[in-house]
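Right, one structure below, let's go through it.
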Amino acid sequence: MPTEFSKPLSATTRLLAVYGQPIRHSASPAMQNAGLAALGLDWRYVACEVAPEQLAEALAGAKAMRFLGLNLTVPHKLLAVPLMDDLDESAREWGAVNTVVFEAEDPEGWWRPIGQLREIRGPIRARGYNTDADAIVSAITQDLQLEVRSSRVLLLGAGGAGRTAALRLAAEGVSELYLVNRTQSKAKALQREIEERYPAVTAHVGYPEAEVELVLNATSLGLKAGDALPWDAAQFDLRRADAAYDMIYRPAETPLLAAARAAGLRTANGLGMLLHQGAAALALWTGRPAPVAALRAALWREVYGPTGEAR
Ligand code: ATR
């Protein structure tokens, strides 16, 4: 079912965009436009290829053209932090911006998202948010029916995504985190950071001896056919875990998830993270609850095709 807007594009249509490089495979326009249509808004969401050295210009351009908001993806999430006029607590906490809300003052002098204002008077400011980190917990909780708090987690990967996942899971109150990464020094640095920021959480470097509730892959292994497995099967038998989550969603079933399913674990791929970060961004721009079912249906169709098969 194609996205149906009640109004065609016109001079009153307002714009949102995602900036990234590369951007042409982004599923966000399909997802967000379905959400905008479901909400009956005369808004559209487009994808723009933006080079990192032109991010500042592109942000200023969107502000000048009165775009309502933006999403930022690779390689902009860290670069955008010092370019914002204001940072939400979420962006400060996680040190990255994936959602920008353009704001202006309402008649009472409160800064409000311009998508929620009848009229824009005075200056516009860019306020940076991070909806990625919470999306990790939402996706794991909903897709795996797993209570993150007090659980034990084997986390594969200590790069950008792995670090955010580790810190967000620690903030959620996991009891133990086992950190495994090809470059062990990064896992050790992350262990130290968790010990400093979340002293109630025990972080180990290496595989667990005992059972864990969750194995979480935050490495890039599994994206390409022929990739090595992201964990050492000789050191950790998957049957010692209850569930496996892979942040990768293309392919729909990575070798880790296939092995986990064969071993009887509950499994889910990373598309739920994309859904939940997008739903949270849409709610920030509109001030209304996101139509999650419409977003999910459009996202799955865009990524896996009308029959739901992996592309
Ligand atoms: P992202 O922002 O997606 O996390 P990243 O910061 O480059 O990207 O992190 C990629 C992760 O995949 C890292 O954990 C990386 O391990 P290193 O820190 O040792 O580089 C992991 N990774 C990538 N290719 C790998 C490979 N061939 N074998 C093992 N781990 C790999």
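The values are calculated or read from the model by the stated rules, or taken from the named source; none is laboratory data. In this text the structure is predicted, and so the values were computed from the model without any measurement. Backbone-built Cβ (ideal geometry, glycine too); neighbour counts: all protein chains shown.
Observations
- Of everything in the range 226-241 that is buried (at least 16 other Cβ atoms within 10 Å of the Cβ) and under 16 Å from Ala158 (Cα atoms), the residue that is farthest from the ligand (Cβ to nearest atom) is Trp231.
- Within the option set Pro22, Pro29, being loosely packed, with under 13 Cβ neighbours inside 10 Å and within 23 Å of Gly128 (Cα to Cα) holds for one residue only, Pro22.
- Counted residues, the range 185-205 - those being surrounded by fewer than 14 Cβ atoms within 10 Å (Cβ to Cβ) and without any contact (Cβ under 8 Å) to a residue 24 or more places away in the chain: 5
- Test: Leu223 is on the phi < 0 side of the Ramachandran plot, under 20 Å from the mean Cα position of the chain (by Cα) and surrounded by fewer than 17 Cβ atoms within 10 Å (Cβ to Cβ): yes
- Criterion applied to Pro22, Pro8 was being within 21 Å of the chain's Cα centre (by Cα), over 21 Å from Ala280 (Cα atoms) and part of a loop (DSSP other than H, G, I, E, B), and the one residue passing it is Pro22.
- Pair list, Cβ under 8 Å, 6 or more apart: the range 161-177 residue outside the structural domain of Leu190 (by TED's automatic domain parsing), other residue more than 13 Å from the ligand (Cβ to nearest atom): none
- Lone qualifier among Leu83, Leu87, Leu36, Leu9 - being more than 21 Å from Gly278 (Cβ to Cβ) and either assigned by TED's automatic domain parsing to the domain that holds Pro123 or in contact with a Pro (Cβ under 7 Å, 6 or more places away or on another chain) (or both): Leu83
- Matching residues in the range 81-95 - criterion: being surrounded by 15 or more Cβ atoms within 10 Å (Cβ to Cβ) and either in contact with a Phe, Trp or Tyr (Cβ under 9 Å, 6 or more places away or on another chain) or modelled with pLDDT under 95 (or both): Leu87, Asp88, Ser90, Ala91, Glu93, Trp94, Gly95
- Hits in the range 29-70 - residues which are among the polar types (S, T, N, Q) and more than 20 Å from the chain's Cα centre (by Cα): Gln54
- Residue check for Val180: surrounded by fewer than 23 Cβ atoms within 10 Å (Cβ to Cβ) and closer than 27 Å to Leu271 by Cβ: no
- Output for the range 59-74, where each listed residue is in contact with a strand residue (DSSP E or B) (Cβ under 8 Å, 6 or more places away or on another chain), modelled with pLDDT of 95 or more and either of a type in the set (Ser, Thr, Tyr) or surrounded by fewer than 20 Cβ atoms within 10 Å (Cβ to Cβ) (or both): Lys63, Met65, Arg66, Thr73
- Counted residues, the range 155-193 - those being in a loop (DSSP other than H, G, I, E, B), modelled with pLDDT of 95 or more and within 8 Å of the ligand (Cβ to nearest atom): 5
- Just so you know, in the range 206-220 the residues that are within 15 Å of the ligand (Cβ to nearest atom) and crowded, with 19+ Cβ neighbours inside 10 Å include one that is farthest from Asp132 (Cα to Cα), and it is Val215.
- If you go through the range 242-277 and pick out every residue that is of a type in the set (D, E, K, R) and buried (at least 21 other Cβ atoms within 10 Å of the Cβ), you end up with 1.
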